[in-house]
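Structure first, then comments.
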């Protein structure tokens with residue numbers, strides 16, 4: 001049931017986040033708006049995360065701590081969703097934080113008549129302290145151009161994460177949208193896919209709402225090639241089920257190139273080290289690679305990616321290992 005006094009619920013999953021959760025909460029609590037609630041789900045942390053949340057909760061009545069056994073980020077987000085009472089929902093990771101000025105604009109936007117699906121651009125914060133703006137390729141400050149928004153959803157990685165977006169609780173409740181708890185990579189994307197497909201109005205805004213920390217070690221990078229291929233198969237099949245419903249040949253074509261890039265990124269990522277040869281062999285032989293390659297021909301591939309296409313077609317594993325090794329050196 002929606003509490004009419006709460007405008008926005010912010011759900012923050014936190015696991016061993018003692019280094020970051022304080023700044024994350026401060027970036028929200030600095031706003032004077034009373035009609036927000038901050039639901040921090042401590043997912044069985046073994047550090048001082050819980051103590052920090054309790055202390056902050058005692059200082060600001062808008063913070064609500066939820067403490068549970070460790071079950072993973074999807075479990076934590078679902079636990080948070082079950083507690084929200086606001087009309088609108090946003091997700092924030094514990095190691096990220098908000099741009100306070102843009103957050104003020106967001107509150108005012110929500111007091112009007114916001115779109116069902118609203119996505120903001122973001123600041124990417126690197127480990128050396130540098131910041132890069134990651135913006136949408138639009139000429140205006142905001143856009144409802146559905147050709148471009150559909151392309152972002154289905155033919156790029158632009159909407160892969162659940163954070164940086166605003167959701168309506170009534171839509172989540174009506175369609176019983178939850179995060180899948182049986183997949184460790186890409187669970188955000190599955191949630192966004194489903195919510196996006198249930199929405200009827202869309203808006204993207206070139207305002208950097210979130211500072212996203214780019215860590216060296218991520219869940220994705222730490223995952224073994226077999227698991228990554230399994231997740232890629234799942235995400236590809238789910239993505240295709242939505243793309244097949246689109247009445248847009250150009251986006252369908254772009255999506256084919258996008259998924260080819262997904263496969264070549266796997267090749268690049270797993271080609272180094274002692275297991276490089278065996279990893280590439282697995283990628284080239286996998287069912288998802290075959291499905292993706294079946295929809296492509298050489299003419300469709302950008303010039304600089306043609307060698308990678310040909311190596312996959314020919315299953316030239318040893319040549320590929322050398323190619324990606326030389327490519328990695330060139331980038332450095």
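So, residue 196, is that one in the same structural domain as residue 80 (by TED's automatic domain parsing), outside any helix (DSSP H, G or I) and either touching a residue at least 60 places away in the same chain (Cβ under 8 Å) or surrounded by 20 or more Cβ atoms within 10 Å (Cβ to Cβ) (or both) or not? For residue 196, the condition - in the same structural domain as residue 80 (by TED's automatic domain parsing), outside any helix (DSSP H, G or I) and either touching a residue at least 60 places away in the same chain (Cβ under 8 Å) or surrounded by 20 or more Cβ atoms within 10 Å (Cβ to Cβ) (or both) - is not met. Counting only strands (runs of 3 or more DSSP E) wholly contained in the stretch 64-175, the ones carrying 2 or more residues that are surrounded by 18 or more Cβ atoms within 10 Å (Cβ to Cβ) occupy 88-91, 117-125, 165-168. Restricting the first member to the stretch 147-175 and to residues that are assigned by TED's automatic domain parsing to the domain that holds residue 258 and under 18 Å from residue 190 (Cβ atoms), and the second to residues that are part of a loop (DSSP other than H, G, I, E, B) and modelled with pLDDT of 95 or more, no beta-carbon pair is closer than 7 Å while six or more apart or on different chains. Restricted to the stretch 215-299, the set of helices (runs of 4 or more DSSP H) holding at least 3 residues that are under 25 Å from the mean Cα position of the chain (by Cα) comprises 225-243, 249-270, 287-294. Looking across the stretch 309-332, the residues that are farther than 14 Å from residue 270 by Cβ and in contact (Cβ under 8 Å) with a residue 24 or more places away in the chain come down to 309, 315, 318. When residues of the stretch 176-193 are filtered for being outside any loop (DSSP other than H, G, I, E, B) and surrounded by fewer than 18 Cβ atoms within 10 Å (Cβ to Cβ), how many remain? Going through the stretch 176-193 one residue at a time, the tally reaches 0.
Can you find even one residue in the stretch 29-40 that is assigned to a helix (DSSP H, G or I), touching a helix residue (DSSP H, G or I) at 6+ places or on another chain (Cβ under 6 Å) and in contact (Cβ under 8 Å) with a residue 60 or more places away in the chain? No, the stretch 29-40 contains no residue that is assigned to a helix (DSSP H, G or I), touching a helix residue (DSSP H, G or I) at 6+ places or on another chain (Cβ under 6 Å) and in contact (Cβ under 8 Å) with a residue 60 or more places away in the chain.
The values are calculated or read from the model by the stated rules, or taken from the named source; none is laboratory data. Just so it is clear, the structure is predicted and the values come from calculations on it, not from any experiment. With ideal geometry, Cβ positions are generated from the backbone for all residues, glycine too; neighbour counts draw on all protein chains shown.
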